[in-house]
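Structure record follows, encoded as C-alpha cells.
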C-alpha cells in the first residue's frame, strides 16, 4: 500500500489483524503520524460499533441445557420446601404432645373436647404447612381459630391469673418447639423463612398448646382466663416469633 490511508482508516481497522491490507496500513501508519491517528480512531469506532450491536442469540442446545438446569433447581427447591413443611408440621404436633404430657393424668377424655382439641391441632398443622405460600391466610386462620376457641369454650366469668400465667408460659414454650425446628431445618436444606413465616410457625406451636390445654387446663371454661391467657398467649408467641428468621431468600441462577 502506498499513500495516506486516513480516508480508509475505519475500513482498514475493521479488517482482521492478519489481512494484508491491514498489515500494510499499519506499516504505513508507523511512519505517518496523521495516518496513525486516523487508524487509531478507526479502531475505536469499530470497537464502539461492535459493542453497540446486540449479542448473538444463544444456540438452541445452550438454551435447552440452561432450561434443564433451572428446572432441576426449581424441582429441588420444591422438594426441600415440602420436606421443610412436613418437618415443621410434625414439630407443631409435638407441641400438642408436649402440652398434654405436662398434665396427662388429669387430661379430659370427654369426646367433644377431644374432637375440638384435635380439630384445632389440625388447623394449626395445615396453617403452618401453608405459611410460606399463603402467609396472610395462615396467620388469619391461626389467630381466628385461637380467638374462636377461647370465645366458644368460655362459659363462666373467671380470671384465675395464677393459673393463667402458667398457661401463657407453656404456650410460649410450646411455640419455641416448631420455631427452633424451622430454623434448624432451614439451615440444613439451605432454605429461608421470612419474618411472617416465623410468626406463623410460632403461632402454630402456641395454638397446638392451646388446643391441648382445652383438655388439661383446670379452668378451661373460664371466659376471661381463656381470652387473656390462652388467646393472648398465641398472640404473644406470634410476636416473639417475629424476632427470628433464617435469612434472605436464595436466588436461583443458571
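The values are calculated or read from the model by the stated rules, or taken from the named source; none is laboratory data. Not measured: the values here are computed from a predicted model. Reconstructed Cβ throughout: ideal geometry from the backbone, glycine too, with neighbour counts over all protein chains shown.
The set of residues in the range 205-224 that are surrounded by fewer than 24 Cβ atoms within 10 Å (Cβ to Cβ) and in a helix (DSSP H, G or I) comprises 215, 216, 223, 224. Within the range 18-28, can one find any residue that is exposed (fewer than 14 other Cβ atoms within 10 Å of the Cβ) and not in a helix (DSSP H, G or I)? Yes; the residues of the range 18-28 include at least one that is exposed (fewer than 14 other Cβ atoms within 10 Å of the Cβ) and not in a helix (DSSP H, G or I). Looking across the range 172-186 at every residue that is over 17 Å from residue 127 (Cβ atoms) and more than 12 Å from the chain's Cα centre (by Cα), the one that is surrounded by the most Cβ atoms within 10 Å (Cβ to Cβ) is identified as 185.
Would you confirm whether any residue within the range 159-166 is surrounded by 24 or more Cβ atoms within 10 Å (Cβ to Cβ) and not in a helix (DSSP H, G or I)? Checked the range 159-166: no residue is surrounded by 24 or more Cβ atoms within 10 Å (Cβ to Cβ) and not in a helix (DSSP H, G or I). Would you pick out the residues in the range 176-198 that are at pLDDT 95 or above and within 15 Å of residue 130 (Cβ to Cβ)? Answer for the range 176-198, where residues must be at pLDDT 95 or above and within 15 Å of residue 130 (Cβ to Cβ): just 178. Residues being in a helix (DSSP H, G or I) and within 15 Å of the chain's Cα centre (by Cα) are entirely absent from the range 92-112. Taking each residue of the range 29-51 that is exposed (fewer than 12 other Cβ atoms within 10 Å of the Cβ) and looking for partners that are in a helix (DSSP H, G or I) and modelled with pLDDT of 80 or more with beta-carbon atoms closer than 9 Å, six or more apart or interchain, yields 30/36. Looking at the range 113-153 only, could you name the residues that are surrounded by 14 or more Cβ atoms within 10 Å (Cβ to Cβ) and not in a helix (DSSP H, G or I)? Those that are surrounded by 14 or more Cβ atoms within 10 Å (Cβ to Cβ) and not in a helix (DSSP H, G or I): 130, 131, 132, 134.
Just one of (1) within 18 Å of residue 96 (Cα to Cα); (2) surrounded by fewer than 21 Cβ atoms within 10 Å (Cβ to Cβ) fails for residue 156. It is (1). Just one residue in the set 158, 150, 141, 86 is at pLDDT below 95 and touching a helix residue (DSSP H, G or I) at 6+ places or on another chain (Cβ under 7 Å); that residue is 158.
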